[in-house]
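What follows draws every value from the coordinates through simple rules; no lab data is involved. Quick caveat: nothing in here was measured; it's all calculated off a predicted structure. Glycine gets a Cβ as well: all are built from the backbone with ideal geometry, and neighbour counts include every protein chain shown.
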Amino acid sequence: MANEEPEVKLERFLQWLQVNNVELRGCKIKYCGENKGFGIFSSDQVSDGVLLVVPLDLAITPMRVLQDPLLGPECRAMFEEGEVDDRFLMILFLTVERLRKNSSWKPYFDMLPSTFGNPLWFTDDELLELKGTTLHRATELQKLKLLSLYDEQVKGLVKKLLLLDGNSESEVSFEDFLWANSIFWTRALNIPLPHSYVFPQIQEDQDNCGSVNKSYVFTDQSKELVNEQEEKGDGFLVVGGEVREVNGITSTSLQSETLWVEGLVPGIDFCNHDLKAAATWEVDGTGSVTGVPYSMYLLSVGKCSPVQDGEEISISYGNKGNEELLYLYGFVIDDNPDDYLMVHYPLEAIQSIPNSDTKAVLLEAQTAELRCLLPKSLLDHGFFPPHECNNKCKTGPICDFSWSGQRRMPSYSNKLVFPESFLAALRTIAMKQDEHLKVSSLLEELVGPGGERQPSDTEVRAAVWEASGDSGALQLLLDLLNTKLMDLEENSGTEKCDSELLQKTSTERLGQHACYENNSSKETNGSTTPTQKHKWMSIVYRRGQKELARLFLREAEYALQLALSEGN
């Protein structure tokens, strides 16, 4: 059905939504052209601001997969054995349903993109446009990981599940799995579900023998930051993809609590991204807002200026830099205000520095970080702010006391834009032999001859700062930023070269909103090819990285000058 007219797909999808009790109250779904795909637009003014209501029973979640009448029992067995985690479970489900001839999800799947703009879909030549960036290496590693996962698990599991459907003809390909992986990462939401929805009431045995019923909890694992909220309950708990059995009886106090579950919500996932979002989404557990219990709804945020008829309804994907937007969603924003630069000191390099073992202990004692994200917004508070900023910004606690009283607080401390936890690591790594001995002496004074107590992380940082000051750390930071900039420029030239390339690129042919696309099918029969888009996005991303490297390099250079002049 890939070559069907968009209007035909849309009509069938709208009928499918209606059958599944989705309510388009103040909006409609429209096709926006090959560069943007499908989007959601306002149609009628609604007094309560509720534009779209989707029953959560329609969402594709791990619970939905485990409850599937055909695939559920086999998936449940694999899940309990630890063969699959919650994310992989949904990606596996998407892969299988794409290949099933009579899938009930077909009207929805036909509306989804068939290829994507993220670097996993780049050709080898297109990927070279990213060489020297953090994203280039990350993409190479991720593709190798997915290929290994496909060969070792996916092929066999999908074949097994298709046989349950009586389908022995369909053959899964790596592209099927890559498609499902991209669908999940570009469209899944972290859904705050009421505990009573994840744990529906199950009638207990009449004889009160306390037999155990198995249930499942799925934690919020957004952006790989696992928040291990281990809800005590009856059944299994998923923490970071690991299945753990939990003994005991579900507490009634948990019924009102919220559990975060990742899932796809057909309809709402057709909202495109905008920095100035016109809507947000909420979950209505009781039906008090929408009249539909256990539903997700799209809510207009324009209370003072309501969404105009025919205006696109956008949501915000969050304050994300181009590195994250391109990697996850396959689009970038030119001059992105949320852009950031990642700088790190290689962990393996510590082994070759003097006193590496004791310095590693000091790094741990300070809870120092070997990498940091430098958001563009930090520059507003530095030595060379791009515009006037009245707010003073301190990126972390400054070590402000000295045992000897000989090292005074630097005059520039409130202008340093670099995180203190990262500077603490660099101070420790850059310490000379005599400075290292001085730190040991200062800490011995603190702990006493008998080692009565352990110094705090703040005290260790203060000792390192008094012994070494800032100049060594800032010189090391300068070296890291220079290396970063050289790596970025080695294969694609300077920031100016990228600007000239962008001027030559016909951005008009990409479409006014091409940088915000999420739902485009990328099936281009017009003048703009995927290669042109991929190249344009790569140049925008890497130019932004070069610009940030240059600006933070200037901040580090000036800070180093001040540190040397003040004896720090």
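Take every pair of alpha-carbon atoms less than 8 Å apart whose residues are at least six positions apart; their mean separation over the length of segment 1-76 yields a relative contact order of 24 percent.
Could you tell me the ratio Rg/Rh of segment 1-154? Both radii from Cα atoms, Rh via Kirkwood. Each step should come with its number before you reach the end.
Values: Rg = 19.0 Å, Rh = 18.6 Å.
My calculation of the ratio gives 1.02.
Charged side chains reduced to their Cβ positions (Lys and Arg at +1, Asp and Glu at -1) give segment 313-367 a dipole of some 160 debye around its Cα centre. Just to verify a number: FRET efficiency for His387 and Asp457, C-beta to C-beta distance, R0 = 35 Å, to 0.05? Efficiency for this residue pair is about 0.50. The lysine pair count for segment 1-143, using Cα distances under 29 Å and pairs eight or more places apart or on different chains, is 17. Taken along the Cα-to-beta-carbon direction at a fixed 7 Å, the label points for Arg554 and Asn190 span 3.5 nm. Each Lys or Arg adds one and each Asp or Glu takes one away; over the other residues whose Cβ falls under 13 Å from the Cβ of Leu127, this sums to 0. Based on the Cβ-Cβ distance from Thr367 to Val8, what FRET efficiency comes out when R0 is 41 Å, to the nearest 0.05? In this case the efficiency is close to 0.10.
Here r is the Cβ-Cβ distance between Asp151 and Ser377 and R0 is 45 Å; the resulting FRET efficiency, rounded to 0.05, is 0.60. Here each label is just a point 7 Å from Cα along the line to Cβ, and for Gln15 and Leu128 those points are 4.9 nm apart.
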